[in-house]
Amino acid sequence: MGMLAKAAAIGAFAALSLGQAASADEDARLIINGEEEMIVRAAPPAWSPLPELLSGWLFRTVETQRLQMDDFENPGFTSVDSAWETWSLPEGSAGKSCADCHGDAASMKGVRAVMPKVNAENGELWTLEMYINNCRTERMGAESWGWNSGSMVDMTALISLQSRGMPVNVAIDGAAAPFWEAGKELYYTRTGQLELSCANCHEDNYGNMIRADHLSQGQINGFPVYRLKNAKLNSIHARFKGCVRDTRAETYKEGSPEFTALELYVASRGNGLSVEAPSVRN
Ligand code: HEC
Ligand code: HEC
């Protein structure tokens with residue numbers, strides 16, 4: 001970082017009142033329902049700038065952490081239940097439900113862990129939401145769901161839950177490589193009046209306090225995430241939007257090529273951490 005850039009960054013952080021965190025519990029283990037242990041710390045891939053990969057769960061308060069340790073306490077499960085019903089509900093001109101073609105939702109095991117991925121048919125990078133909407137419009141003759149609609153976010157929770165515990169393992173080579181490069185570029189680009197990049201907060205300052213919040217590595221292995229702040233499940237792209245807005249910048253849209261590429265890059269920074277969805281954060 002050049003001197004001027006550094007001065008600007010320090011200025012920006014002063015405006016955001018960055019401070020040292022009250023020490024987090026370094027030894028916390030995430031065991032769900034007393035039996036399913038999540039990988040919340042992992043060795044980084046060789047290319048990673050991070051010394052260790054840490055789940056966002058580690059950065060939350062003990063009270064918030066506990067909500068994710070028991071599915072009966074986890075408020076995200078109301079959404080999973082409603083998606084269970086949608087799964088076998090016939091919709092659209094074909095009169096078919098997800099279950100008619102996919103069988104039990106358990107058939108989705110492993111899907112979340114490799115998303116987003118390049119669609120072999122068109123060479124585009126597709127997120128889980130895009131695969132779901134493609135089935136709705138092309139295979140069911142039904143309307144597509146809005147990116148942040150309850151139906152969509154609930155369904156991503158149900159599908160992601162089938163991979164819970166599995167390590168995130170997105171492909172970044174081959175056809176995915178150009179998307180990954182584009183996502184990486186966005187991750188390190190400073191935006192907004194505060195001239196901050198994702199990396200300035202989530203790589204350079206995780207573990208520190210920013211305003212009243214304990215900064216994590218900004219991992220997405222827990223998505224969709226139930227946030228106590230807005231009392232609902234939140235999509236990955238909605239979270240990206242919020243973070244970009246916090247730098248007082250114009251933001252990209254949910255489902256845009258920019259956010260899709262960024263999702264791949266951010267997901268790859270967590271390759272090795274468990275899929276935790278639906279997770280609970282503040
Ligand atoms: C008419 C049959 C049909 C229906 C109905 C259908 N799908 Fe699909 N779906 C497919 C086929 C075929 C594929 C591509 C092959 C595959 O991956 O199984 C697919 C792929 C997917 C994928 C990507 C899986 C992967 O590994 O890449 C997801 C996610 C998905 N469907 C979710 C849904 C959901 C959710 C619904 C209900 C809202 C649904 N599908 C309804 C046939 C269907
Ligand atoms: C000004 C600092 C700042 C910047 C810049 C920033 N974030 Fe964040 N981000 C936060 C804070 C604060 C939180 C909430 C605490 C936490 O989980 O780190 C957060 C949370 C997140 C989360 C949720 C993590 C979880 O476990 O639920 C993700 C994902 C995320 N950010 C991604 C990004 C991405 C991608 C960018 C760049 C487009 C970005 N952030 C830029 C401050 C920032």
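Key figures
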item: Residue ID - surrounded by the fewest Cβ atoms within 10 Å (Cβ to Cβ), chosen from residues in the stretch 136-147 that are in contact (Cβ under 8 Å) with a residue 40 or more places away in the chain and small (G, A, S); result: G141
item: Selection within the stretch 34-50 - of a type outside the set (G, A, S), surrounded by 13 or more Cβ atoms within 10 Å (Cβ to Cβ) and closer than 16 Å to P167 by Cα; result: E36, M38, I39, V40, R41, P44, P45
item: Residue that is more than 16 Å from ligand 2 (Cβ to nearest atom) and surrounded by 20 or more Cβ atoms within 10 Å (Cβ to Cβ), where the choices are N133, N119; result: N133
item: Candidates T251, T247, T260 - the one that is within 18 Å of E185 (Cβ to Cβ), more than 10 Å from ligand 2 (Cβ to nearest atom) and surrounded by 18 or more Cβ atoms within 10 Å (Cβ to Cβ); result: T260
item: Residues (more than 10 Å from ligand 1 (Cβ to nearest atom), touching a strand residue (DSSP E or B) at 6+ places or on another chain (Cβ under 8 Å) and charged (D, E, K, R)) located in the stretch 120-153; result: E124
item: All positions within the stretch 103-116 that are part of a loop (DSSP other than H, G, I, E, B) and crowded, with 20+ Cβ neighbours inside 10 Å; result: M115, P116
item: Residue within the stretch 123-139 that is within 26 Å of R227 (Cα to Cα), in contact with a Gly (Cβ under 8 Å, 6 or more places away or on another chain) and acidic (D, E) present; result: yes
item: Residue count for the stretch 45-87, restricted to those that are touching an Asp or Glu at 6+ places or on another chain (Cβ under 8 Å) and among the polar types (S, T, N, Q); result: 5
item: Residues satisfying the stated conditions in the stretch 136-169, i.e. within 16 Å of ligand 2 (Cβ to nearest atom) and β-branched (V, I, T); result: V153, T156, V168
item: Selection count, the stretch 142-184, where residues are over 28 Å from I31 (Cα atoms) and assigned to a loop (DSSP other than H, G, I, E, B); result: 10
item: Pair list, Cβ < 7 Å and 6+ apart or interchain, from the stretch 208-220 residues that are farther than 28 Å from M115 by Cα to residues that are more than 7 Å from ligand 2 (Cβ to nearest atom) and outside any strand (DSSP E or B); result: N208/Q20; N208/A21; M209/Q20; M209/A21; R211/S17
item: N133 among the polar types (S, T, N, Q), in a helix (DSSP H, G or I) and outside the structural domain of N271 (by TED's automatic domain parsing); result: yes
item: From Y226, Y206, Y265, Y187, residue being away from ligand 1 (no atom under 16 Å from the Cβ), surrounded by 17 or more Cβ atoms within 10 Å (Cβ to Cβ) and in a loop (DSSP other than H, G, I, E, B); result: Y206
item: Helices (runs of 4 or more DSSP H) lying entirely in the stretch 37-102 (those with 1 or more residues that are away from ligand 2 (no atom under 16 Å from the Cβ) and touching a residue at least 12 places away in the same chain (Cβ under 8 Å)); result: 77-87, 98-102
item: Residue within the stretch 86-100 that is modelled with pLDDT of 95 or more, of a type in the set (F, W, Y) and closer than 22 Å to E36 by Cα present; result: no
item: Residue within the stretch 164-172 that is out of contact with any helix residue (DSSP H, G or I) (no Cβ under 8 Å at 6 or more places or on another chain), closer than 26 Å to S274 by Cβ and more than 11 Å from ligand 1 (Cβ to nearest atom) present; result: yes
item: Filter result (surrounded by 20 or more Cβ atoms within 10 Å (Cβ to Cβ) and out of contact with any Pro (no Cβ under 8 Å at 6 or more places or on another chain)) within the stretch 148-163; result: M152, D154, M155, L158, I159, S163
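The values are calculated or read from the model by the stated rules, or taken from the named source; none is laboratory data. Just so you know, these numbers come straight off a predicted model, no measurement behind them. No Cβ is skipped: glycine too gets one built from the backbone with ideal geometry, and neighbour counts run over all protein chains shown.
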